[in-house]
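Structure first, commentary second.
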Amino acid sequence: MPTVAVNTSELFHILGKKYTFEEFDNLCFDFGLEAEVAEEEDGQGEPGQEQFKIEVPANRYDLLCIEGIGRALLVFLEKLKAPRYKSVPPASGKRQQLKILPATAQVRPFAVAAVLRNIKFTEESYKSFIDLQDKLHQNICRRRTLVAIGTHDLDTVQGPFVYDAKPPADIKFKALNQTREYTASELMELYSVDSHLKPYLPIIQDKPVYPVIYDANGVVLSMPPIINGEHSKITLNTRNVFIECTATDLTKARIVLDTVVTMFGQYCEQPFVIEQAEVIQPDGTTLVYPELPYRFETIDVSDVNKRIGINITGEAMAKLLSRMGMESEAINGGQNVKVEVPPTRADVLHFCDIWEDVAIAYGFNNLDWTIPNTNTIANQFPLNKLTDLMRAEICAAGFTEVLTFALCSRDDIADRLRKDISTTNAVHIANPKTLSFQVARTTLLPGILKTLYHNKNMPLPLKLFEISDVVFKDDKKDVGARNERHLVAVNYNKSSGFEVIHGLLDRIMQLLLVPPAQDGTGYCIQATDDSTYFPGRCADILVRGESVGKLGVLHPDVITGFDLNLPCAALEINLEALQ
């Protein structure tokens, strides 16, 4: 979860009270946050200034800065009423315009904009303004892949603004903190060694065109999502801020814009009054931002009481929700509560999010400990219980357990095992990030053979086993695939040790109370051919006439395929078939 570092002196000034850490930690806990004292080695803040680090939920974008935290805690303590956020046209009547050109569809098709008018920054609020953008970029913006925020000194540029996309060689400007102009291609090369900006370059690096925002005079404001222009950079003396967010996800862009303007609208001459901007779409339609939408939800008081395990009136519930920043009132004689969800609460997607806020404001520690009315008794799934018992017994038989990755390469389950990939019925990853993780494993053998390779310098014999799930495509399942719990064991030595693996099979069947029998009432092994195993050294494991697995000596090509050089006997069975 995101962590926000705040100077205690600034925080206590906002809250109007000086807290000990214990008192503040208790307050945070009551509000659903976690706090700790920032260590000096964290390197955050000014030397000699005490800081608290506050861990906030990942979906509470309104708590990613000291302004949001302070405001929320004041409302929770009932020292402040939740402010009303307003989106209004400018006094002149003419909104700033941002025109999106069709070429942007090739790279980042969406944009939103707004203006913070007559704002007054202090050194602390300026740092917080920059830090909030960084935290949003890392959080909801998914490292700028979904949304990129640009903030500009409006007095240094002139609208209307144009959002375009051009070939890299056609874009030239002085980037933030640079001393001369560079083309976009030169900037990409320059920032390829910059630890801060390097991670964002791949977002547009391979695109035929790069996004760019110009003002009416052709001045470049930004090249999202990489860098802003030096010409329009924000300073402590900035009084009017033009905010633009370019995006591949319009919903996320709206949330980000609403978050920035509601958090820092308090520093405007008219607090929490945000100036609108027009965004002209490629088709000529015009949208006005920020929207700052308020919406109403109605909850059933008795239903919420039942779900949380409390018994309070509608009036009390409305008061609790108002403390959480959602102005509420009891209606229908107290049977329902009408809840107003403000634009800062993008995390409220469902009724259950409102129920959670009721529980937080009520206090989880204030809930009564009760015995559930149901008579059910928790128990392990039989398959998991069998797995745990089997692990202990196989360890007692002298084998060492390993745990391997559930994903592997196509070669691991096909070519290296002398199989055709089309016959494996494997689930393939649509966009694998590495060649090592292309499919979900259909057998445990590759993982355990790789483990042998990495430990082949250990004293022999190496007797390893694993009990884990494999995955197969299955059109009969709603997700298109099914899991099976398999057991694999190998004996790696100077001789194959087939008798060792066969002995382990006998022990497993003995533990499962499956007697040896050839008449279909117990288990037996039956010679078979399998390309993974040496010819004439492979057998099917039959239990009550059904095949549940195989054992045998691995084929030399399989051994060498995993860079091993000694014989290996293996056993793999489907445990689910033996329950």
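The values are calculated or read from the model by the stated rules, or taken from the named source; none is laboratory data. A quick note: this is a predicted structure, and the numbers were derived from the prediction, not measured. Note that we place each Cβ from the backbone using ideal geometry, even for glycine, and neighbour counts take in every protein chain shown. We work out accessible area using only protein heavy atoms, side chains counted, and drop any ligands, DNA or RNA first. Shrake-Rupley method; radii C 1.70, N 1.55, O 1.52, S 1.80 Å.
What is the antiparallel percent of DSSP beta bridges lying wholly in the chain, to the nearest 5?
The antiparallel fraction comes to roughly 85 percent.
What distance in nm separates the two pseudo spin-label positions at residue 411 and residue 183, each 7 Å out from Cα along the beta-carbon direction?
Inter-label distance under the simple model: 3.9 nm.
Whenever you get a sec, compute what percent of the accessible area on region 224-297 sits on carbon and sulfur atoms (1.4 Å probe).
Carbon and sulfur together cover 49 percent of it.
May I ask for the percentage of alpha-carbon pairs in region 483-536 that lie more than 18 Å from each other?
49
Non-local amide H neighbours of residue 481 (under 5 Å, H modeled in plane, Pro and chain starts lacking H): which ones?
Placed amide hydrogens put 474 under 5 Å from residue 481.
Calculate I(q)/I(0) for region 197-248 by the Debye formula, one identical point scatterer on each C-alpha and no solvent, and give its log10 at q = 0.15, 0.19, 0.22 Å⁻¹ to two decimals.
-0.49, -0.75, -0.94
Could you give the size of the charge dipole of region 295-418 about its Cα centre, using +1 on the Cβ of each K and R and -1 on the Cβ of each D and E, expressed in debye and rounded to the nearest 20?
Dipole magnitude for region 295-418 comes out near 220 debye.
Per q in 0.10, 0.14, 0.20, 0.21 1/Å, what log10 I(q)/I(0) does a Debye calculation on the alpha-carbon atoms of region 372-466 return?
Taken in order of the listed q values, log10 I(q)/I(0) reads -0.41, -0.70, -1.03, -1.08.
With unit charges on the beta carbon (Lys/Arg positive, Asp/Glu negative), name the residue among 49, 272, 122 whose Cα is farthest towards the positive pole of the charge dipole of the chain.
272
Using a 1.4 Å probe, what is the accessible area per residue for region 219-277, in Å²?
About 29 Å² of surface per residue is accessible.
Between residue 482 and residue 393, how many nm apart are label points set 7 Å from Cα along the C-beta direction?
For residue 482 paired with residue 393, the spin-label model returns 2.4 nm.
May I ask for the distance between the Cα centers of region 511-579 and region 83-156, given as a whole number of Å?
Answer, in whole Å: 64.
Figure the gain on full extension for residue 506 and residue 400 (residue separation times 0.36 nm, minus the Cα-Cα span) and round it to one decimal in nm.
Here the answer is 36.4 nm.
Starting at the first residue of region 411-425, write each ³J(HN,Hα) from the Karplus equation 6.51 cos²θ - 1.76 cosθ + 1.60 with θ = phi - 60°, in whole Hz, x for Gly and Pro.
4, 4, 9, 10, 4, 5, 9, 6, 10, 8, 4, 5, 9, 7, 6
Can you give the extra length, in nm with one decimal, that the chain gains between residue 18 and residue 377 once fully stretched, where that is 0.36 nm per residue apart less the Cα-Cα distance?
Contour length minus Cα-Cα distance gives 124.4 nm.
Leaving out ligands, DNA and RNA, what percent of the accessible area of region 1-137 is carbon and sulfur, probe 1.4 Å?
49
Using a Förster distance of 35 angstrom, determine the FRET efficiency expected from the C-beta separation of residue 94 and residue 37, and round it to 0.05.
Taking R0 as 35 Å, the efficiency between residue 94 and residue 37 is 0.10.
Looking at region 56-113, which trypsin sites (Lys or Arg not before Pro) are in a loop (DSSP not H, G, I, E or B) and have at most 13 other Cβ atoms within 10 Å?
79, 81, 84, 94
In whole Hz, what ³J(HN,Hα) sequence does region 341-349 give by Karplus (6.51, -1.76, 1.60; θ = phi - 60°), x for Gly and Pro?
8, x, x, 7, 9, 5, 6, 7, 10
Rolling a 1.4 angstrom probe over the protein chains, ignoring ligands and nucleic acids, what is the accessible area of residue 303 in square angstrom, nearest 10?
Its heavy atoms expose roughly 50 Å² to the probe.
Using helices alone, I'd like the mean residue ellipticity at 222 nm for the chain: each DSSP H run of four-plus residues gives -39500 (n - 2.57), total over residue count, nearest 500.
Helix-only estimate at 222 nm: -7500 deg cm²/dmol.
Which ³J(HN,Hα) values in Hz, rounded to whole numbers, follow from the phi angles of region 360-370 under the Karplus curve 6.51 cos²θ - 1.76 cosθ + 1.60, where θ = phi - 60° and Gly and Pro get x?
These are the phi-based 3J(HN,Hα) values: 5, 5, 5, x, 4, 6, 8, 6, 6, 7, 9 Hz.
Which label marks the calculated value of Rg and Dmax of the Cα atoms in Å, given the options (1) 29.0, 129; (2) 31.8, 95; (3) 26.7, 98?
Computed from the coordinates, Rg and Dmax of the Cα atoms in Å corresponds to (2).
Dipole size in debye (nearest 20) for the chain around its Cα centre, Lys and Arg Cβ +1, Asp and Glu Cβ -1?
960
Amide H neighbours of residue 98 under 5 Å, counting only residues 5+ apart in sequence or on other chains, H built in-plane at 1.01 Å?
161, 278, 279, 280
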